[in-house]
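Here the structure is laid out as structure tokens; the discussion comes afterwards.
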Amino acid sequence: MTAFWIAAGLLTALVLALISRPLLRQRQASHASRKALNTAIYRDQMAELERDLASGALSAADHASARDELERRILEDLADDGAEATAEPRRLPRTAIAVGLALPAAAVLLYLVLGTPAALDPAAVQASNSEQIPTQAEVEKMVASLAAKLEKEPDNPKGWVMLGRSYKVMGRLDEAARAFEKAGPVMETEPELMLEMAELSAAQNEGKVEGKGQELLKRVLADQPDNPQALVLAGTDAYFRKNYTDAARHWERVLAQVPPDSEDARNLSAGLEKVRQLMGDSQGVKPVSREPARQPAAAGATSVSGRVSLAPALKDKASPDDTLFIFARHANGPRMPLAILRLKAAELPKEFTLDDSMAMSPEMKLSSAAELRIEARISKSGDAIPKSGDLAGEITPVKPGAKGLKLVIDKLVP
């Protein structure tokens, strides 16, 4: 608050200084410049009379009369000029003082009327914000009001959807199910609404998606096999049914779509590790024994390296701040990256190396694949999920240990 008033005071003082300066400065009289102008005019007129007399255009009598008139006007102007010269130029200190008092007063008054003085008090702001957050009782009252309104106007599917979501957030799952049921066919028109039904079913059945919810979940996955929300739900459903293979498959597919350093990636990795432990326990062996024995990898087979560049035809479609992803995947297997590198498009062209240290899972390493697909993609959004407008390129098949790869980003993602 103190800083605000200091800043306001300094700005007001600056404005006052600019306004008061002309009022306090000695004003210069203008009679001198006017005298010089009149003298020049009379001189020109006198010269013109002499020229007319010499050329015969003006008689001697007319010339004398015109000359007398001109001299009379000169004498009158000199008399007026002398009167003006006696008037002392003066300052206007009273006006400056009035402006100096009125301007700050008007500014403060306008701020009190049109501004928000309470915003200068942090305690008041915090109290105001806390007042804007509805209490549990207020939320329940609003939900009850919406429910009463819908009972009188049942042909309002959007209202029933809103009510169902509200009930679901409040944990009133049975009431949420009835509200979604009253919303009718609208619940099957959009993937988002279909997944609302699937999530509600999972919440009602201890993680398992049953009945209509399961049907809608399958429909979403059939139309959008990479839908992250649907894949997470399907993995959760499989997990609680102890179908750990399907749970891992679904969650690995989601993991391939999220930024590797995100909270989602960490949670999914932890879930996958738990699933793999359960898969090992269910087979009566330790998780480390699940991998088949294989010969030690040849030297250099734990990495691939090369150079990635952007095709000249696409240079105008990339910005320096765009995110560059370089992946190694199974050439003919799960899409979960075996190694991933995240850079900036400004670094192109760029020498790169992908190795086992960049694996997202200890069991899914680059050296575990017989053949690889090396991909590069420039993401406009910074998201690992491919989107229309991204730029991409790939090389396949590639053997682990390959060096000197030439990876060119030469395609526009439709």
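Restricted to helices (runs of 4 or more DSSP H) entirely inside the stretch 137-230, those with at least 1 residues that are under 32 Å from the mean Cα position of the chain (by Cα) are 157-169, 191-204, 211-223.
The residues of the stretch 252-282 that are part of a helix (DSSP H, G or I), closer than 21 Å to PRO225 by Cβ and in contact (Cβ under 8 Å) with a residue 40 or more places away in the chain, listed by number, are GLU252, ARG253, LEU255, ALA265, LEU272.
The residues of the stretch 353-378 that are under 33 Å from the mean Cα position of the chain (by Cα), at pLDDT 90 or above and buried (at least 19 other Cβ atoms within 10 Å of the Cβ), listed by number, are LEU354, ILE374, GLU375, ALA376, ARG377, ILE378. Look at the stretch 52-63: where a residue is assigned to a helix (DSSP H, G or I) and a partner is among the aliphatic types (A, V, I, L, M) and surrounded by fewer than 10 Cβ atoms within 10 Å (Cβ to Cβ), sitting 6+ places away or on another chain with Cβ atoms under 8 Å, you get LEU53/ALA60.
If you check MET187 against the conditions, is it of a type in the set (A, V, I, L, M, F, W, C), closer than 30 Å to LYS149 by Cα and crowded, with 16+ Cβ neighbours inside 10 Å?
On the way: of a type in the set (A, V, I, L, M, F, W, C): yes; closer than 30 Å to LYS149 by Cα: yes; crowded, with 16+ Cβ neighbours inside 10 Å: yes.
For MET187, the condition - of a type in the set (A, V, I, L, M, F, W, C), closer than 30 Å to LYS149 by Cα and crowded, with 16+ Cβ neighbours inside 10 Å - is met.
The values are calculated or read from the model by the stated rules, or taken from the named source; none is laboratory data. All values derive from a computational prediction rather than experimental measurement. Virtual Cβ from ideal backbone geometry, glycine too; neighbours counted across all protein chains shown.
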